[in-house]
Every structure is written in C-alpha cells, then in structure tokens.
Amino acid sequence: MRIRISHATTYRYDAPVKSVMQVLRLTPRNHDGQYVVSWNIDVSADCLLRQQQDSFGNITHIFTADGQFGELKIAVEGEVDTQDTNGMITGAIERFPPELFLRETPLTQADGALTQLAAASEAVAGERRLDMLHYLLTTLHRGIVFDTDPTHPATTAAEAYALGRGVCQDITHIFIAAARSAGIPARYIGGHFYRSDGVTAQDAGHAWAEAHVDNLGWVGFDPANGICTTDAHVRVAMGLDYLGAAPVRGTRYGGTVETMTVEVHVDQAQRQTQS
C-alpha cells in the first residue's frame, strides 16, 4: 500500500518570541516492509535544518529560529510504500541489545496493578511469550476506553491504567510497562496509521509498541486497535517511551503563553490521485 501523510504542528504565542529551538522526529526510515518514496519538511521561520541521528537511530532534524514572530508552523508531507509483514520488524537499525528495552522510565514504571496485569497474562499463556503478548493486547484493547480528555503527555502508565481511559500513547505505555514487568523487552513506536473506515483527518500521530520475543525478534503490537502492526502502519521513531520518540520537542525564549494545534491527514496515495 502507498500511504500519503501530511502532518502540521502550529505554535501560536500570546507575545512574540525571540528564539525557538526544536528537535524533530518526523522522518521515517526504510526497513523491511517500509520504503520512503518521498518526504519533505517545511518550517515557516527562516532557519537551517540540520539532519542527525539520535542514539536509537531515529532521523532527527534540529533548528533554531531567531526573530520576533507570533506563530511557528512545522509541516511534513510525503509518501511511504508499505507491505504487511505479519507484525515482524526486520531490517531496522538496531543499535542496542533487546535487554536495554527492559529499562523502566517514569512514564512506564509498573505499579502493583500493572504487575498483576502482567501476571494474569502470564497465567493464561504460560511459557508461550507470544501468546502472553497477544492476550495482553486483547485485554487492553477491550478494557481501556479511548478518551482524549483525562490524560496528557506526562500521564504515566499506572495513572492511565487506573483511570481505564486514555489515548494511544497511554495504552502503549501500559502495554510496555506490563511487558517489561514480565521480563519482555518492549519499546515505544511513534508513527502513523491508515484507517480503513475512510477517515483521513486525525488529531495526532499514532503510537504502538514493539516487543522482543526469543527466536522470533521484534513484533509490533497496536493495543489501541487490538492488532499487530500491518501495512496500514508507518513507523517513524522509537524510544523507551513517548519522550524518546516525540515528533516535536523544544524550548523557546520569550512569550508567556503558547498554544499548539496539530493536523494530520493519512490516506492512500492512489485514491487521492484517482479523485
């Protein structure tokens, strides 16, 4: 499938800012089942984009914009060819052994309830780690209500699980925390998801997890949708949690109140061409 993506982040300031520094993780990489056909980044401010790679191998772009401005827009657009690999992630850059992804972070620390969730999943699957992860996937998809109101970027896995509500970021953090509690390496993936119901406009990018299974490798699990990853997923960045894969992070000098809006459109490129 060829997927066309546009992703725009707009910052507005109550008073002109003097300087903004941003780190962008908005550019996907090639791996088995994913090929980037075209990709472009545009920043409304006059600045130089410096492309680098972070410690996980994610493509990053860093810029500093100086001057008096009340709005800053960062827009990306491109096309990616995808193939269904039955959830298997191969051919990606792997700079660390899987054991690194057992490391807890403040966002993915397992409390008693999450440890019990992992134990219940293990009790059902026994030594079959893949079955345990599928059980966890189904349990979270059915048990956590998708809701944009009660959580925010700093909400932890334990807090979201206690609420029983959250967005894809929260549900992914819960999955990761439970998997790590069971001794299974797991990591956070930020990217995009093509919806088959015809809805192309989205409020944000998508998030899911990858877990490492012995004798199999990395497998993608999307608990928000209750499926393993397919050719509808475009993988952009990975990290130990959301903070390591956030599409845009930065600081500013000046301006007291900042508002941010995000517009995402994900569609099949062929359908756009034909229409």
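What follows is calculated from the coordinates using simple rules that are stated; it is not laboratory data. Keep in mind that this is a model prediction, so the values were computed, not measured. Reconstructed Cβ throughout: ideal geometry from the backbone, glycine too, with neighbour counts over all protein chains shown.
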If you find the alpha carbon centre of segment 68-143 and of segment 230-266, how far apart are they in angstrom? 17
State whether the chain is rounded, prolate or oblate according to the following rule on the C-alpha gyration tensor (a ≥ b ≥ c being the square roots of its eigenvalues): a/c under 1.5 gives rounded; otherwise a/b larger than b/c gives prolate, and the remaining case gives oblate. prolate
When the dipole is taken about the Cα centre of the chain, and only Lys, Arg (+1) and Asp, Glu (-1) are charged at their Cβ, what size is it in debye, to the nearest 20? 280
In debye to the nearest 20, how big a dipole does segment 84-245 give about its Cα centre with +1 on each Lys and Arg Cβ and -1 on each Asp and Glu Cβ? 120
Rounded to the nearest 500, the 222 nm mean residue ellipticity computed for the chain from DSSP H runs (n ≥ 4, each -39500 (n - 2.57)) alone is -6500 deg cm²/dmol
For the chain, list the DSSP H helices whose alpha carbon atoms reach 30 Å or more along the long axis and whose average Kyte-Doolittle value is 0.0 or above? none
I need the shape label for segment 173-228. Rule: rounded when a/c is under 1.5, else prolate if a/b > b/c, else oblate, with a, b, c from the alpha carbon gyration tensor. prolate
Positive-end residue, segment 84-245 charge dipole about Cα centroid, Cβ charges, pick of His134, Ile144, Gly87: Gly87
Give me the percent relative contact order of the chain, please, defined on Cα pairs under 8 angstrom at least 6 residues apart. 30
Any idea what the dipole of segment 193-259 comes to, in debye rounded to 20, about its Cα centre with Lys/Arg Cβ at +1 and Asp/Glu Cβ at -1? 260
First measure r as the distance between the Cβ atoms of Asp46 and Ala201, then evaluate 1/(1 + (r/R0)^6) with R0 = 30 Å and state the FRET efficiency to the nearest 0.05. 0.50
Three-way shape call for segment 84-245 based on the alpha-carbon gyration tensor, with the a/c threshold at 1.5: rounded
Hey, rough spin-label estimate for Glu77 and Thr10, points 7 angstrom out along Cα→Cβ, what's it come to in nanometres? 1.5
From Cα pairs below 8 angstrom and at least 6 apart in sequence, can you work out the relative contact order of segment 84-245, rounded to a whole percent? 29
Looking at Gly239, Gly250, Thr261, which one has the Cα that reaches farthest to the positive end of the dipole of segment 216-275 (charges on Cβ: Lys, Arg +1; Asp, Glu -1)? Gly250
Multiplying the sequence separation of Asp231 and Asp84 by 0.36 nm and subtracting their Cα-Cα distance, what value in nm do you get? 52.5 nm
Farthest toward positive dipole pole in the chain [+1 Lys/Arg, -1 Asp/Glu at C-beta], among Trp218, Pro98, Phe56: Phe56
Scan segment 29-64 for chymotrypsin sites (Phe, Trp or Tyr not before Pro) in coil per DSSP, keeping those whose Cβ has at most 10 other Cβ atoms within 10 Å, and list them by number. none
